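The values are calculated or read from the model by the stated rules, or taken from the named source; none is laboratory data. These figures come from a predicted structure and were not determined experimentally. Please note: Cβ atoms are built from the backbone with ideal geometry, for glycine as well, and neighbour counts cover all protein chains shown. When the accessible area is computed, the model is the full protein with side chains, heavy atoms only, and any ligands, DNA or RNA have been set aside. Shrake-Rupley method; radii C 1.70, N 1.55, O 1.52, S 1.80 Å.
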Amino acid sequence: MKVLVVGGGGREHAIVTALAKSEKVDKIYCVPGNAGIAKLAECEAIGVMEFDKIAMFALEKQVDLVVVGPDDPLVAGLVDVLETAGLKAFGPDKKAAILEGSKAFSKDLMKKYNIPTAKYENFDNSQDAIAFLDTCKFPIVLKADGLALGKGVLICKDYEEAVAGVHEIMDDKKFGSAGNRMVIEEFMTGREVSVLSFTDGKTIKIMTSAQDHKRAKDNDEGLNTGGMGTFSPSPFYTKEVDEFCHKYIYQATVDAMREEGREFKGVIFFGLMLTEDGPKVLEYNARFGDPEAQVVITRMKNDITDVMMACVDKKLDTIELEFEDNAAVCVVLASDGYPLAYEKGKEIKGLENFDGKSDYFCFHAGSKEENGKIVTNGGRVLGITATGDNLVEARKKAYDATAWVEFDNKYMRNDIGKAIFEA
Ligand code: AMP
Ligand code: GLY
């Protein structure tokens, strides 16, 4: 079969790598892709928000499946455009992708269907939000309703900070129209776990767990980023936690969406916090996480096309999801300065060190080819990933491999996966 992947980050490189392993796949296209993806797929310079161009390209190439990686096109309805054009697409349509696209929607959904989450209120103007703050305990969490590159969450330690935060989100529109509405929610403490799942709208199958590291600097300091590294599985995701989530969260979410007339097919990413009162949903995403995909997909035994087609064709009940009994760690190599200002266009050397090694992966996130050289082209540049028999081994291998590649301004966290020693 022929498959088109939409996106150009590390997540999409991991998806393309899994597709390339499938005996069923004879051709992969990617828009826009990156220099790493280009080794496995034919890349075309079309942006992820150019819906008509993407649909035309897919029709022209007669692809059997389009896999949509990033949140923006999902929330804006790329899948609807593809399906209208008669194409098969893996990912939720616009009605379902609101699960990620509106935090106010997802909070109301959880409240209505008794899915455990932090207490909250939604607001559509700053006066009401500020009046509500009088009744709050601090710290408190402010969330812009819409997509904000993972940056629309403010944790405010006192009333003054919270008032300033409300103004930033709703009046100054720091996150643009994402701040037309906002959620004010109770602050929770605990370990965070990312759980990804496949669903066909009815059946849900849970993938192995992972943990991300969102802050830019060691010890979870610095600004929030898209994710600086991951490990899988999370040793904190115990059997008891898994049982609780199956009982109260996973199927309940899929059923709630169907009940609301928003049948969800694709990947639901559950951002969970393991609190003293049990697991609670921090957020939903409507797609694979990045860099969670790099450690989770890499450990999947199934042919990814079987699973994706089963989601599209509503036959996920026929699939048994299987993961290797191993571990994986991904360390992101970024451009120094990320997530603020950073330089691009630096030559990346040493990529060939990963050739022919089945337990090491160099997933490209921001790279491109320029005059025969591969150069940096983004904040997150590479996701150095290794598998091992256990987390300690995988972590050592991933960190060893970070030294195999060099580029100017290379930056990474040195404590990815440190938490495994606390388990
Ligand atoms: P989100 O985009 O909703 O996952 O929020 C980004 C990050 O903010 C999460 O990964 C948490 O670290 C933190 N966060 C979000 N909501 C809460 C909350 N209610 N209590 C504590 N931390 C939170
Ligand atoms: N790594 C978190 C995310 O993809 O949203």
- [ ] Report, in cubic angstrom per residue, the convex hull volume of the C-alpha atoms of segment 208-336.
- [x] 142
Task: Pair T238, E160: separation of 7 Å Cα→Cβ label points (nm) - done: 4.2
TODO: Using all C-alpha to C-alpha distances in segment 107-218, build P(r) with 10 Å bins and read off the rounded percent in each one.
DONE: 13, 37, 34, 14, 2
Open item on the list: Of P32, T84, N114, which is farthest towards the positive pole of segment 7-126's charge dipole, taken about the Cα centre with +1 and -1 on the beta-carbons of Lys, Arg and Asp, Glu respectively?
Closed with: N114
TODO: Would you work out the charge dipole size for the chain about its Cα centre, treating the Cβ of every Lys and Arg as +1 and the Cβ of every Asp and Glu as -1, and quote it to the nearest 20 debye?
DONE: 360
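Leaving out ligands and nucleic acids, and using a 1.4 Å probe, what accessible area per residue does segment 30-81 come to in Å²?
Working: 2160 Å² over 52 residues.
Value returned for segment 30-81: 41 Å² of accessible area per residue.
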Open item on the list: At 0.36 nm per residue, and after removing the present C-alpha to C-alpha distance, how many nm does the segment from K357 to E276 gain when stretched out fully?
Closed with: 25.0 nm
TODO: State the answer as a single residue: which of L59, H13, I46 lies farthest towards the positive end of the charge dipole of segment 1-85, with beta carbon charges of +1 for Lys and Arg and -1 for Asp and Glu, about the Cα centre.
DONE: H13
TODO: Could you please tell me the mean projected area of the C-alpha convex hull for the chain, averaged over all directions and given in square nanometres to one decimal?
DONE: 19.3
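Output the peptides 314-323, 151-160, 201-210 sorted from most to least packed, where packing is the average of other Cβ atoms within 10 Å over each peptide's residues.
Numbers: 314-323: 14.4, 151-160: 16.2, 201-210: 20.9.
Highest mean packing first, the order is 201-210, 151-160, 314-323.
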Open item on the list: If I take R0 = 25 Å and measure r between the Cβ atoms of K2 and K315 in this structure, what FRET efficiency does the formula 1/(1 + (r/R0)^6) give, to the nearest 0.05?
Closed with: 0.75
TODO: Any lysines with Cα under 27 Å of the K346 Cα? List them, leaving off those in the same chain fewer than 8 positions away.
DONE: K39, K151, K214, K217, K357, K368, K373, K396, K397, K410
Open item on the list: Which log10 I(q)/I(0) values does segment 1-127 give at q = 0.13, 0.17 Å⁻¹ under the Debye formula, counting every alpha carbon as one identical point scatterer?
Closed with: -0.59, -0.83
Task: Which of G356, Y342, C330, positive extreme of dipole for segment 321-382 (C-beta unit charges) - done: Y342
Open item on the list: Please list, short to long, the whole-number percent of alpha-carbon pairs of segment 306-423 in consecutive 10 angstrom bins beginning at zero.
Closed with: 13, 35, 27, 20, 5
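Heavy atoms only, probe 1.4 Å: what % of the accessible area of the chain goes to carbon and sulfur, would you let me know? List each step's numbers first, then the result.
Details: 8360 of 17890 Å².
The value for the chain is 47 percent carbon and sulfur by accessible area.
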